[in-house]
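Following: one structure in structure tokens, then a few remarks.
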Amino acid sequence: MQIKSVKIYTVEGGGLRPVLVEIVTKDGVSGFGEAGVAYGYGASAVAGMLKDMAAEIIGRDATQIRAIWQDLYDQAFWSKGGGAITFAALSAIELALWDVLGQALSLPVHRLLGGPVRRSVKVYANGWNHEHDDVVRWAKAAARPLADGYTSLKAYPLAHELPDGTFRHVSARAVDDGRFRRAVERVKALRAEVGPEVELMLDLSGGLCDDQLIRFLDVCAGLDITWIEEPLDPFNLSGLPRIAARTGISIAAGERVYGRAGFRNLLDTGAVSIIMPDIGNCGGLLEAVQIAGMADTHNVRVAPHNCASSLCSSASLVLACLLPNTMNLEVYPYFSDQNSYVPVTENPPEREVRNGYVALPDLPGLGAVVDRAAIAPFLAADLSN
């Protein structure tokens, strides 16, 4: 199946900027992948990187997924050493190639990789309180995901929520005394609001220096927090053992770590209990499977990071069901509340959550039915030989 063309879509809406790639073969088979940089900076950069990489794969056999991946990794030069832009583009292409193969064979990708270990996965809700910048309403917003059946929630106690529903993380590694106290009270109020049975995870996004971080962790110690995510800047691997020694709360990290080599360095710290590869920027599906295999040898579980379009959710669901050491999967169930939200797929997993779990479909490829009409206005490039 020779690759005929590569199409790049730069979608924008609902506060997200997903970048999708469609690979089309001369046989008329197409598959979709996504670059995992749907927020923050980087969408236009990864679209440019995809254009560069497209020139290297047009004309090649789409079934040679590993060979194409290896050539792109070796010849892109900047891939070695990691980096969100090159690895996100590489991931998007790899995912699209798996989708092509599954579509061509009329088989789900999970069947091509040995079959799923489980048929459904526990999901946790994120993004359920972004519009609140206080303590009381911030905590009480948990009523909605709980009513929708979620038993596991994640939140950002240190973030500064903005009126438009977006938020800003900590800058310069510190918050003032008022925001520190607010973060402490938020966590206490949230645990009181949801009761003892609901799983709570806190994402710090590497925001604090040790003086405030240790004080905050001490407050959380008696609140049965499932994990503290990114307590340090992702570059600060050497600091993780120090923090792990100061707290009994499990540490999760990895959404901003790329490739097997990056995760080997993270796992070698011995400080993390949960790793969080993002299938849209860690190197793709098979790279994530190999990363999870390394984690298993360290007695570490995997909670895939997922904050992009529903296409990435579908791919992440495949990954989560393939891994023996999956813990849970991240979803943002309320992105679609935004009037400008673009429904990238017709069957988003976020709509299929039942009692805190989502089932794995048996549709061909990655299991996503792309809404071509919805993404058509966002076609940014159509490259062919």
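Can you spot a residue in the range 204-217 that is free of Cβ contacts under 8 Å to residues at least 60 places away in the same chain and within 28 Å of Leu286 (Cα to Cα)?
Scanning the range 204-217 turns up at least one residue that is free of Cβ contacts under 8 Å to residues at least 60 places away in the same chain and within 28 Å of Leu286 (Cα to Cα).
Just one of (1) in contact with a strand residue (DSSP E or B) (Cβ under 9 Å, 6 or more places away or on another chain); (2) open to solvent by 60 Å² or more (accessible area, probe 1.4 Å); (3) more than 24 Å from Thr345 (Cα to Cα); (4) not aromatic (Phe, Trp, Tyr) trips up Ile68, so point out which.
Result: Ile68 fails condition (2) only.
The rows are residues; the columns are (1) of a type in the set (A, V, I, L, M); (2) over 17 Å from Asn129 (Cα atoms); (3) surrounded by fewer than 17 Cβ atoms within 10 Å (Cβ to Cβ).
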site	(1), (2), (3)
Thr166	no, no, yes
Gly178	no, yes, yes
Ala183	yes, no, no
Val187	yes, no, no
Gly195	no, yes, yes
Asp218	no, yes, yes
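Identify all residues within the range 362-385 that are free of Cβ contacts under 8 Å to residues at least 40 places away in the same chain and touching a Ser or Thr at 6+ places or on another chain (Cβ under 8 Å); write none if there are none.
Val369, Asp371
Can you tell me which of (1) among the polar types (S, T, N, Q); (2) in contact with a helix residue (DSSP H, G or I) (Cβ under 9 Å, 6 or more places away or on another chain); (3) modelled with pLDDT under 95 is the one Gln338 doesn't meet?
It is condition (2) that Gln338 fails.
If I go through the range 71-90 residue by residue, how many of them are over 22 Å from Ala380 (Cβ atoms) and exposed (fewer than 15 other Cβ atoms within 10 Å of the Cβ)?
5
Touching a residue at least 12 places away in the same chain (Cβ under 8 Å), of a type outside the set (Gly, Ala, Ser) and either open to solvent by 20 Å² or more (accessible area, probe 1.4 Å) or touching an Asp or Glu at 6+ places or on another chain (Cβ under 7 Å) (or both): does that describe Leu50?
When the stated conditions are applied, Leu50 does not pass them.
I'm trying to understand the selection: among the residues of the range 328-352, which are among the aromatic types (Phe, Trp, Tyr) and either open to solvent by 70 Å² or more (accessible area, probe 1.4 Å) or outside any loop (DSSP other than H, G, I, E, B) (or both)?
Passing the criteria: only Phe335.
Restricting attention to the range 129-152, which residues are in contact with a Lys or Arg (Cβ under 6 Å, 6 or more places away or on another chain) and open to solvent by less than 30 Å² (accessible area, probe 1.4 Å)?
Of everything in the range 129-152, just one residue is in contact with a Lys or Arg (Cβ under 6 Å, 6 or more places away or on another chain) and open to solvent by less than 30 Å² (accessible area, probe 1.4 Å), namely Trp138.
Scan the helices (runs of 4 or more DSSP H) fully inside the range 90-171 and keep the ones with 3 or more residues being at pLDDT 95 or above and touching a Leu at 6+ places or on another chain (Cβ under 7 Å).
Working: elements: 109-112, 136-140, 143-147.
The qualifying helices (runs of 4 or more DSSP H) are 109-112.
Provide a single number: the residues in the range 275-292 that are crowded, with 22+ Cβ neighbours inside 10 Å and either in contact with a Ser or Thr (Cβ under 7 Å, 6 or more places away or on another chain) or aliphatic (A, V, I, L, M) (or both).
Step one: of the range 275-292, the residues crowded, with 22+ Cβ neighbours inside 10 Å are 275-285, 287-288, 291-292.
Filter once more, keeping what is either in contact with a Ser or Thr (Cβ under 7 Å, 6 or more places away or on another chain) or aliphatic (A, V, I, L, M) (or both): 275-276, 279-285, 288, 291-292.
The number of residues fulfilling the criteria is 12.
List the residue pairs whose Cβ atoms are under 7 Å apart, where the first residue sits in the range 105-119 and is over 14 Å from Ser316 (Cβ atoms) and β-branched (Val, Ile, Thr), the second is open to solvent by less than 50 Å² (accessible area, probe 1.4 Å) and not in a helix (DSSP H, G or I), and the two are 6 or more positions apart or on different chains.
Listed by first residue and then by second, the contacts come to Val117/Leu323.
The values are calculated or read from the model by the stated rules, or taken from the named source; none is laboratory data. The shown structure was predicted, so the numbers you read here are calculated from the model rather than taken from an experiment. Ideal geometry is used to build each Cβ from the backbone, glycine not excepted, and the neighbour counts take in all protein chains shown. When the accessible area is computed, the model is the full protein with side chains, heavy atoms only, and any ligands, DNA or RNA have been set aside. Shrake-Rupley method; radii C 1.70, N 1.55, O 1.52, S 1.80 Å.
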